[in-house]
1. Report whether or not LYS287 is open to solvent by 60 Å² or more (accessible area, probe 1.4 Å), in contact with a Cys (Cβ under 9 Å, 6 or more places away or on another chain) and in a helix (DSSP H, G or I).
2. Condition (residue is open to solvent by 20 Å² or more (accessible area, probe 1.4 Å), of a type outside the set (Phe, Trp, Tyr) and within 14 Å of the ligand (Cβ to nearest atom)) applied to region 99-108: is it met by at least one residue?
3. Can you work out which of the residues in region 5-31 that are open to solvent by less than 10 Å² (accessible area, probe 1.4 Å) and near the ligand (Cβ under 6 Å from one of its atoms) is farthest from GLN55 (Cα to Cα)?
4. Output yes when any residue across region 32-54 is open to solvent by 60 Å² or more (accessible area, probe 1.4 Å), more than 18 Å from ILE147 (Cα to Cα), at pLDDT below 95 and assigned by TED's automatic domain parsing to the domain that holds GLY121, and no when none is.
5. Among the listed residues GLY235, GLY278, which satisfies the condition of being within 16 Å of the ligand (Cβ to nearest atom), open to solvent by less than 80 Å² (accessible area, probe 1.4 Å) and over 28 Å from ALA163 (Cβ atoms)?
6. Checking ALA163 against (1) open to solvent by 10 Å² or more (accessible area, probe 1.4 Å); (2) more than 19 Å from ALA124 (Cβ to Cβ); (3) over 18 Å from the mean Cα position of the chain (by Cα), which test does it fail?
Amino acid sequence: MKIAFIGLGNMGGGMAANLVKAGHEVHAFDLSEEALARAKDNGCATYTSVREAVQGAEAVVSMLPNGAIVESVFSADVIGQAPTSALLIDCSTIDVDTARKVGEAAGTAGYAMVDAPVSGGIAAANGGTLTFMVGGSDDAFKRAEPILAAMGKAVIHAGASGAGQAAKICNNMILGATMIATCEAFALADRLGLDLQTFFDISSKASGQSWSMTAYCPVPGVGPQSPADNGYQGGFAAALMLKDLKLAMEAARSAGADVPMGQRAEELYAAFAEAGNGGTDFSGIIKTFQ
Ligand code: NAD
């Protein structure tokens with residue numbers, strides 16, 4: 001299949017390479033020369049504009065930084081440029097309202113489009129083990145599924161247009177809040193004189209258990225291997241967690257939802273990032289409580 005891929009950064013680079021490995025003809029574009037050179041090394045054909053890359057495409061996949069960029073790329077250079085038979089798939093993490101707006105504009109112009117944000121970081125993008133949460137019609141989902149399966153381990157239909165983004169930010173709002181709760185509990189346990197391995201052994205099998213505790217324990221040397229064992233480097237950056245929490249707060253405002261824990265998590269991650277820790281893994285927020 002001829003697939004145009006827009007945005008070949010930390011995530012998109014590995015994803016495009018996996019489409020090539022699955023036998024697709026990938027037509028790549030990124031504003032960065034460096035990202036394009038890497039895509040070429042990985043077997044993509046490279047282009048000097050979005051418009052050129054989408055010519056004759058059967059599908060267009062994007063992995064871009066934010067909603068404003070997604071909206072401008074799709075409205076200016078994809079819609080009306082790619083054949084209307086092309087399936088449009090945006091894998092970026094963006095706000096629900098923009099995802100719906102772009103999906104609607106694509107639909108009006110005769111395209112099928114899905115929002116398909118991912119769970120999993122750079123290692124999962126490179127390894128082809130991402131989880132995709134997909135928003136769009138049943139037909140569009142059926143068409144997107146085999147393309148996304150070449151880049152991930154799970155592809156889940158979340159609902160109509162925008163539902164993929166809604167699932168993504170709700171999930172990450174839980175993650176932000178449970179990570180903070182886990183960090184403050186370990187810090188308190190320490191002050192109360194508990195051995196932290198012992199506390200892990202208890203809580204990971206009791207009602208305090210969560211993914212943040214058992215799969216990503218924020219204490220070095222406790223639980224499975226995690227960024228805590230690597231000086232809080234190389235995982236999911238606090239700045240990206242903050243981005244997702246801001247999107248969740250925006251969605252909550254727009255939907256009139258009360259999200260006090262998510263709001264507090266956003267405040268704490270904002271303070272952590274402002275203190276110069278934006279590039280630190282998000283579990284490093286434990287330092288705030290120690
Ligand atoms: P990145 O900054 O590494 O990559 C984004 C790429 O988009 C860059 O190469 C940039 O040059 C390119 N770009 C920007 N504007 C463009 C334009 N107008 N046309 C073409 N290319 C353009 O970011 P990333 O870490 O790859 O993240 C991409 C998306 O994935 C974001 O929405 C992010 O929230 C989401 N995400 C990231 C992670 C992660 O761990 N990094 C995990 C899950 C989801």
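The values are calculated or read from the model by the stated rules, or taken from the named source; none is laboratory data. Keep in mind it's a predicted model, so treat the numbers as computed, not measured. Neighbour counts are summed over all protein chains in view; Cβ atoms, including those assigned to glycine, are modelled from backbone coordinates with ideal geometry. Areas reflect the complete protein model, heavy atoms only, side chains present, ligands, DNA and RNA absent. Shrake-Rupley method; radii C 1.70, N 1.55, O 1.52, S 1.80 Å.
1. Values: open to solvent by 60 Å² or more (accessible area, probe 1.4 Å): yes; in contact with a Cys (Cβ under 9 Å, 6 or more places away or on another chain): yes; in a helix (DSSP H, G or I): yes.
Yes, satisfied.
2. Filtering region 99-108 down to residues open to solvent by 20 Å² or more (accessible area, probe 1.4 Å) leaves 100-101, 104-105, 107-108.
Next cut, of a type outside the set (Phe, Trp, Tyr) only: 100-101, 104-105, 107-108.
Filter again for within 14 Å of the ligand (Cβ to nearest atom), leaving none.
Taking every residue of region 99-108 in turn, none turns out to be open to solvent by 20 Å² or more (accessible area, probe 1.4 Å), of a type outside the set (Phe, Trp, Tyr) and within 14 Å of the ligand (Cβ to nearest atom).
3. Selected residue: GLY12.
4. Narrowing region 32-54 to residues open to solvent by 60 Å² or more (accessible area, probe 1.4 Å): 33-34, 38, 40-42, 48, 51-52.
Add one more test, that the residue is more than 18 Å from ILE147 (Cα to Cα), and what stays is 33-34, 38, 40-41, 48, 51-52.
The next check asks that each one be at pLDDT below 95; those that pass are none.
No, region 32-54 contains no residue that is open to solvent by 60 Å² or more (accessible area, probe 1.4 Å), more than 18 Å from ILE147 (Cα to Cα), at pLDDT below 95 and assigned by TED's automatic domain parsing to the domain that holds GLY121.
5. Working: GLY235 fails: over 28 Å from ALA163 (Cβ atoms).
Residue meeting the stated conditions: GLY278.
6. Against the list (1) open to solvent by 10 Å² or more (accessible area, probe 1.4 Å); (2) more than 19 Å from ALA124 (Cβ to Cβ); (3) over 18 Å from the mean Cα position of the chain (by Cα), ALA163 comes up short only on (3).
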